[in-house]
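The values are calculated or read from the model by the stated rules, or taken from the named source; none is laboratory data. This structure is a prediction, so every number in the text was calculated from the model and none was measured. Virtual Cβ from ideal backbone geometry, glycine too; neighbours counted across all protein chains shown. Accessible surface areas use protein heavy atoms only, side chains included; no ligands, DNA or RNA. Shrake-Rupley method; radii C 1.70, N 1.55, O 1.52, S 1.80 Å.
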Amino acid sequence: MEVVRWEPFESLNKMHARINDLFGESFGRSWTKPSSATWYPPVDVLESKDSYLIRAELPGMKKEDFHLEVKDGTLTLTGERKSEKAANGVEYRSVERVSGKFWRSFSLPETVKHDGIQATYKDGILEIHVPKAEEAKPRQIEISVH
């Protein structure tokens, strides 16, 4: 079963954006401003027999812009993407890239090695490797015949 985040105001936000687009088309400019709100970077979670792999999209961010921590069985990714300021005499016509604070939390099974968690960041993708504990890995059981 897939867990889907319910966004109660999503359709209202889409309608608001469309109204802004219509006004922008009518008056030759956009009424939208750079967005600064809470957002959630997209994440993939993969599992192999030895580990879990969490991949988060954080394009255009520096390593210093986000933080990763494990506490009480929860892995938490937090950070903030700063909005870019337009140069003097320049105004935004349209803004689709999101900025602001974000966080993602993942409940870890008891069968992972917390001290073995490693993270790498390259080309806007954060990869978090979470190894499984030895007892959590599947193993072949030999059957003896008497």
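Could you tell me whether region 134-146 includes any residue that is at pLDDT 90 or above and either loosely packed, with under 10 Cβ neighbours inside 10 Å or out of contact with any helix residue (DSSP H, G or I) (no Cβ under 9 Å at 6 or more places or on another chain) (or both)? Working first, answer last.
Step one: of region 134-146, the residues at pLDDT 90 or above are none.
Looking for residues that are at pLDDT 90 or above and either loosely packed, with under 10 Cβ neighbours inside 10 Å or out of contact with any helix residue (DSSP H, G or I) (no Cβ under 9 Å at 6 or more places or on another chain) (or both), one finds none in region 134-146, hence no.
So is Thr76 surrounded by fewer than 16 Cβ atoms within 10 Å (Cβ to Cβ), modelled with pLDDT of 95 or more, on the phi < 0 side of the Ramachandran plot and touching a Phe, Trp or Tyr at 6+ places or on another chain (Cβ under 9 Å) or not? The answer is yes for Thr76.
Scanning region 109-124 for residues that are open to solvent by 60 Å² or more (accessible area, probe 1.4 Å) and either in a strand (DSSP E or B) or in contact (Cβ under 8 Å) with a residue 12 or more places away in the chain (or both) returns Glu110, Lys113, His114, Gln118, Thr120, Tyr121, Lys122. Looking across region 81-108 at every residue that is within 22 Å of the chain's Cα centre (by Cα) and aromatic (Phe, Trp, Tyr), the one that is surrounded by the most Cβ atoms within 10 Å (Cβ to Cβ) is identified as Phe102.
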